[in-house]
Amino acid sequence: MDFPTTDQHTIGLLSFLAWVPVVAIVHELGHALVASTAGFRVTSFGIGRGRPIVRIQMPGAVVFHVGWLFFTGGACVAIPRSPESRPRAALFHGGGIAAQVVLGMILLLLPSGPWSPWIDAGGHFNLLVAAWNLLPWRVGRVASDGWWLFSRLTQGAVVPHRALFEQRRAIEQILAHETRVRSPIGIWYGHLMLAWCDLLTGREASAFDRLEQVISLPVMDRHLSNIEALVRAEAAVRSGHPMLALRMVEAAAVDGTEPNDTADLLTVVEARAWLALGVPFQARRAIGRLAGIGGAIGREAMSVTLKLAVQERDRPAIHATAYRLVHTSTQGMIDPIAASLALDQASLVADDPDTATRWRARAVGIARAAVDQASAEDKPSLHAVLDRILHDSTNDTPTTATRPVQTTA
């Protein structure tokens, strides 16, 4: 039996150290190369953690970086061009593994020669890392590509659609990373998404402070520009300036908004703005353009439709929409608070006590789930929504059904 010699051990160790950055950069390049096809835009990628010792800003404001903790893997940050990129996201998560498979095939097909021990060590190490990445594991907020890939392919069976504000901590971590590597698009996106989180939890003052920190988009990208228009239009509606919101929606359409998820959410904001102006027929026309839209955006449209039906006292529409919202809201929403408040309002004009109780129970359930999943800074404002709905359930006075509608949506 042949045992490894000291020289072989040395070659193996040196090979491992040499191949760590190579495998890491190939893996991250795999993510980067398929990002656009998967509906994402790469903001930064590189190897190593910690303070970057090498930083190169490439065309398109993409930042390549090398951290001083050189042997700690790599990272590829890519932002979605649309709020609903989940199905195609499987391509992005699989891109890194696919690149490693290609690297492994190349190494295995190379002819034998003086460098074979180094090549073999690299091939074995690459396959080991690829297998580890392919396994669907998760520890806290850290998960393998295989875990995310499995989630995307199962359409959220492993990771249900979560409200944006429930992802605040992940967004803050991305913003910290992008600030450290000085990625202009990443910094722009991080502040914009945190402002949106604040809006969805009723923290308008914090949202406006955040929006003031949003730099100008450093690249020409219509998809990303429309996402910024969406957040700013939402802020205008919630701050009592619906006409400003309508102008923003109109400007986005003039700039060439294509039919996509962002355009659909802009239509939802448009309908909310018309409702705030007291022009329900225009709100109905806007929301009618989303007929047949499913998923989380379809549920956002349902919340507006229900609020519109309550204002018009359209009982058939109230019952049909509330029934659908009760049964689909468990699948997750971008703005669950809007659904909770809409169902709360609908319960006040329900035809019978049992129906009212059922709708209010679902409204309470949605609000409680939001509180449970929210970060510490978001909990007080969400608790206020929950307390209001719970107050409704104990308020039996005749004036309850006629009180003004108040909503964060």
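The values are calculated or read from the model by the stated rules, or taken from the named source; none is laboratory data. Note that the coordinates shown come from a computational prediction; the quantities given were computed from them, not determined experimentally. So basically every Cβ, Gly included, is an ideal-geometry build from the backbone, and we count neighbours across all protein chains shown.
What the table below lists for this structure:
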item: 2 or more residues loosely packed, with under 15 Cβ neighbours inside 10 Å: qualifying helices (runs of 4 or more DSSP H) within the stretch 131-240; result: 168-180, 204-213
item: Residue count, the stretch 227-262 (criterion: closer than 19 Å to I287 by Cβ and in contact with a helix residue (DSSP H, G or I) (Cβ under 7 Å, 6 or more places away or on another chain)); result: 16
item: Any pair with Cβ under 6 angstrom, 6 or more apart, that starts in the stretch 186-208 at a residue that is on the phi > 0 side of the Ramachandran plot and ends at one that is not acidic (D, E); result: G202/S381; G202/T408
item: Hits in the stretch 268-289 - residues which are assigned to a helix (DSSP H, G or I) and in contact (Cβ under 8 Å) with a residue 24 or more places away in the chain; result: V268, V269, E270, A271, R272, A273, W274, L275, A276, P280, A283, R284
item: Unique match (being assigned to a strand (DSSP E or B) and at negative phi) among V26, V66, V102; result: V66
item: Count of residues meeting criterion [modelled with pLDDT under 85 and among the small types (G, A, S)] in the stretch 65-103; result: 5
item: Odd one out for S375 among (1) closer than 30 Å to A170 by Cα; (2) modelled with pLDDT of 90 or more; (3) assigned to a helix (DSSP H, G or I); result: (3)
item: Only one of V279, V304 that is hydrophobic (A, V, I, L, M, F, W, C) and surrounded by fewer than 17 Cβ atoms within 10 Å (Cβ to Cβ); result: V279
item: Set A121, A163: member being within 29 Å of P218 (Cα to Cα) and at pLDDT below 85; result: A163
item: I389 vs. criteria in the same structural domain as E312 (by TED's automatic domain parsing), modelled with pLDDT under 90 and under 18 Å from V310 (Cβ atoms); result: yes
item: Test: residue in the stretch 276-284 that is at pLDDT 95 or above, touching a Lys or Arg at 6+ places or on another chain (Cβ under 7 Å) and outside the structural domain of Q345 (by TED's automatic domain parsing); result: no
item: Members of the stretch 334-356 that are more than 19 Å from the chain's Cα centre (by Cα) and more than 14 Å from Y323 (Cβ to Cβ); result: S340, L341, D344, Q345, L348, V349, P353
item: Some residue of the stretch 219-231 being of a type outside the set (K, R) and either touching a Pro at 6+ places or on another chain (Cβ under 7 Å) or without any contact (Cβ under 8 Å) to a residue 24 or more places away in the chain (or both); result: yes
item: Residue list for the stretch 112-129, restricted to those being in contact (Cβ under 8 Å) with a residue 40 or more places away in the chain and hydrophobic (A, V, I, L, M, F, W, C); result: W118, A121, F125, V129
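Okay, residues lined up against (1) within 16 Å of the chain's Cα centre (by Cα); (2) more than 21 Å from I171 (Cα to Cα); (3) buried (at least 22 other Cβ atoms within 10 Å of the Cβ):
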| site | (1), (2), (3) |
| --- | --- |
| G74 | no, no, yes |
| V77 | yes, no, yes |
| P80 | yes, no, yes |
| P83 | yes, no, no |
| A98 | no, yes, no |
| V102 | no, yes, no |
| I106 | no, yes, no |
| L110 | no, yes, no |
| G113 | no, yes, no |
